[in-house]
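Presented below is the structure to which this report refers.
Read the figures in this text as sums done on the coordinates, not as results from a lab. Note that the structure is predicted; figures quoted are calculated from it, not measured. Heads up, the Cβs are rebuilt from the backbone with ideal geometry, glycines too, and the neighbour counts pull from every protein chain shown.
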Amino acid sequence: MNRLGNITKKICFIILAYLTLDIIFFSLLPHDIKTKIYNNRAHRIKSFYYHHDFRPNASFVDQWGFNKVIINTNNLGFKDSKTRDVIFKKRNILFIGDSFTEGVGLKFEDSYVGIISKKLKKNNQDIEVLNAAVQSYSPAIYLSKIYNILERKKFPITDIVIMVSGGDFHDDYFRYTGVDKNFIVTHKDPTNKYLIKLINFYKSHTLLYQFISRVTPIRGIPYLIKTTFFEDKKNLEIIEKNKSNEEILNMKFLKNKDFQYFYDDKIFNEWGKNAILKSLNFLERIIEITSKKNIKLTILYAKEPNLILKKPNQDVLNFILDEFKKLEQNNVKFYYINKYDSLYKDKFEKYKNLFYINDNHWNKRGNMLVSDEILEKIDFN
């Protein structure tokens, strides 16, 4: 037992000594070299105004579940088909949303924004379509980022399309505390903030992390292990082997606390209703900004697989849709995105064909269907 303890101590000492030397060596590198090394990795960056963003003019490998894809951003820091300098046109349409609109696990061309962009530009060369979405955004960030784009940067945007997802309400209530008078998003400090600070320090001050992150996305390693050996592999087998649909209903993502207000009246009354109204208030503040600039604003709310696989409390869904409809006025329209209800009669077929396995995000086919519905409902001419 003592021998094992001594070996453990030696291993810990070696690791600590290496990390210390690594930090010292990295700190001694010239600033321009450190900047080049770090910036080539840091494609998702912090934002002073709206919490987080993409790094402008970046090209990197991103991972979502089993999917690895090359992501490009333009000079504005928006996901794009390639790194480029955006030239504004007579008509400039800005899409914003969270991971659904970013198109996680897909290149820009396969996201619903990319598909819409291609179709609109085919018929009109004097049009620009921009995607300002980043995963984990919510209406609080939509407000801050839109204000930043229109008021600070003065981009000549003519149309804005906001895609709201069911998880936005949870984020606005539990993750982001508000948007202050300077349109800066405030957020709650995590309970383990000191550990997070230590980890972030290690990430930005060691060569080892920079090297490993070039080989494989660090954030994807734990997820990849889990998906390869545990829950997602099991759920993949459930679908591929056509096991019982009840087993599909037991998938972990259906138990996600972000959406429990749809099924539990107690949770809806505890925080769900207030969270929804809080998000709607951020959207009202966006309307105030866009109305003054005569910008055409469209707000979308999409039906997610949680609501497809497990029928929600209809009163809750009606409450959400009614609140969205109240936002409609001159130059402000609202649409409920739910075309897949008529595409597949069986709810499990909808999920298996349009969404990632054990996930609530649209796959390539799902994005194509959403783009079709948006183009049917919104007149971009």
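Would you kindly calculate the translational diffusion coefficient of the stretch 75-170, applying Stokes-Einstein with the Kirkwood radius from alpha carbon pairs, for 25 °C and a viscosity of 0.890 mPa s, and quote it in µm² s⁻¹ without decimals?
For the chosen part, D equals 180 µm²/s.
Given 0.36 nm per residue, what is the gain on full extension from Leu327 to Glu151 after removing their alpha carbon distance, in nm?
61.1 nm
Counting only residues 5 or more places away or on other chains, whose amide H sits under 5 Å from the amide H of Thr177 once H atoms are built in the peptide plane?
Thr186, His187, Lys188
Going through the cross-link list Lys303/Lys333; Lys181/Lys377; Lys181/Lys257, which pairs have a Cα-Cα distance over 27 Å in this structure?
The pairs that break the limit, which is 27 Å between Cα atoms, are Lys181/Lys377; Lys181/Lys257.
What nm value, rounded to one decimal, do you get for the distance between Asn281 and Leu4 when each label is placed 7 Å out toward the C-beta?
For the pair Asn281/Leu4, the computed spacing is 5.6 nm.
For Ile267, Ile374, Ile127, what's the fewest-to-most ordering of other Cβ within 10 Å of each Cβ?
The order, fewest Cβ neighbours first, is Ile267, Ile127, Ile374.
Taking the simple approach of a point 7 Å from Cα along Cα-to-Cβ for both Tyr263 and Glu109, what is their distance in nm?
3.9 nm
Could you let me know the centre-to-centre spacing of the stretch 302-379 and the stretch 104-172, using Cα atoms, in angstrom?
Cα centres, the stretch 302-379 to the stretch 104-172: 17 Å.
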